[in-house]
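K.L.:
One structure, pasted below without further comment.
The values are calculated or read from the model by the stated rules, or taken from the named source; none is laboratory data. These numbers come from a predicted model, not from an experiment. Here the Cβ positions follow ideal geometry from the backbone for every residue, glycine too, while neighbour counts run over all protein chains shown.
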Amino acid sequence: MTKSIYACALLTLGAILILSACESEQVVDDPNPTPQVEYVATDADFVNFRNWSVVKQLSKALSEDGRAHTDAARTIWIKQANATRSQNGQYPNGTILVKEVQGGYGIVAMVKRGGTYNSNHNGWEWFHLDSAGKITQRNSSNLCNNCHAQVKSQDYAFTKN
Ligand code: HEC
């Protein structure tokens, strides 16, 4: 009789240990980490963009791959000099790239907005800026989406990887 009480107690203890092991495993392998907050850019985000970190300067008439907006000289900056793509292959929300093209084409920008915005194209929002860096247009244009989708494996950024 005493033996079976001990056996019973041991079994119960074992069950508790196994259950608690399972619970702590769930915490480690959380398949749904907290989603990133949507980032809605304003004019303030582009202030002094010409002082940001230069990703690439293209002075040649033709783009590297012949797919560029124009043949004129152009500079590309990134706001977050150390931005890297995370495990899901994407830049963090709030990442901003600006490209200024000489000769009249103007200034374009892309901001990783995230949330449910333009979710078929990794959440990028596309911009036109005036020469002072103020937003003149913003959208999820398929013109921008489709050409930049050629570098989907680099999260839509041609020159930064
Ligand atoms: C026909 C293809 C094409 C279209 C359309 C296009 N882009 Fe680009 N874009 C490029 C290429 C190629 C580059 C790489 C730099 C270069 O060669 O000028 C680039 C670079 C950029 C960059 C710098 C970051 C990067 O990807 O290297 C921004 C910002 C940008 N484009 C914004 C836009 C916006 C905004 C639109 C829509 C209004 C747009 N692009 C439409 C081809 C395109």
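K.L.:
Being surrounded by fewer than 19 Cβ atoms within 10 Å (Cβ to Cβ) and touching a Lys or Arg at 6+ places or on another chain (Cβ under 8 Å) is the requirement here; does Gln80 meet it?
P.N.:
Working: surrounded by fewer than 19 Cβ atoms within 10 Å (Cβ to Cβ): yes; touching a Lys or Arg at 6+ places or on another chain (Cβ under 8 Å): no.
So Gln80 fails the test.
K.L.:
Would you confirm whether any residue within the range 89-104 is at pLDDT 95 or above, loosely packed, with under 13 Cβ neighbours inside 10 Å and of a type in the set (Gly, Ala, Ser)?
P.N.:
yes
K.L.:
Answer yes if at least one residue in the range 119-141 is more than 7 Å from the ligand (Cβ to nearest atom), at pLDDT below 95, at positive phi and not in a strand (DSSP E or B), and no otherwise.
P.N.:
For the range 119-141, residues more than 7 Å from the ligand (Cβ to nearest atom), at pLDDT below 95, at positive phi and not in a strand (DSSP E or B): absent.
K.L.:
Looking only at the range 120-137, count every residue that is surrounded by fewer than 18 Cβ atoms within 10 Å (Cβ to Cβ) and in contact (Cβ under 8 Å) with a residue 40 or more places away in the chain and tell me the total.
P.N.:
Let us first name the residues in the range 120-137 that are surrounded by fewer than 18 Cβ atoms within 10 Å (Cβ to Cβ), namely 120, 128, 130-132, 134-137.
When the remaining residues are screened for being in contact (Cβ under 8 Å) with a residue 40 or more places away in the chain, the result is 134-135.
Residues meeting the conditions: 2.
K.L.:
Evaluate the following for Asn145: is it farther than 22 Å from Val47 by Cα and out of contact with any Phe, Trp or Tyr (no Cβ under 9 Å at 6 or more places or on another chain)?
P.N.:
Numbers: farther than 22 Å from Val47 by Cα: yes; out of contact with any Phe, Trp or Tyr (no Cβ under 9 Å at 6 or more places or on another chain): no.
Taking the combined requirement at face value, the residue does not satisfy it.
K.L.:
Output the qualifying pairs, or none if there are none: Cβ atoms under 6 angstrom, residues six or more apart or on different chains, first residue in the range 56-84 and within 11 Å of Lys99 (Cβ to Cβ), second residue at pLDDT 95 or above and part of a loop (DSSP other than H, G, I, E, B).
P.N.:
So the pair list comes out as Trp77/Trp52.
K.L.:
Could you tell me which residue of the range 108-118 is farthest from the ligand (Cβ to nearest atom), considering only residues that are aliphatic (A, V, I, L, M) and touching a residue at least 40 places away in the same chain (Cβ under 8 Å)?
P.N.:
Going residue by residue through the range 108-118, those that are aliphatic (A, V, I, L, M) are 108-111.
Filter again for touching a residue at least 40 places away in the same chain (Cβ under 8 Å), leaving 109-111.
Values: Ala109: 5, Met110: 4, Val111: 9 Å.
Checked the range 108-118; the qualifying residue farthest from the ligand (Cβ to nearest atom) is Val111.
K.L.:
Determine which member of the set Val111, Val40, Val27 is outside any strand (DSSP E or B), at pLDDT 95 or above and of a type outside the set (D, E, K, R).
P.N.:
Values: Val111 fails: outside any strand (DSSP E or B); Val27 fails: at pLDDT 95 or above.
One residue alone meets the criteria, Val40.
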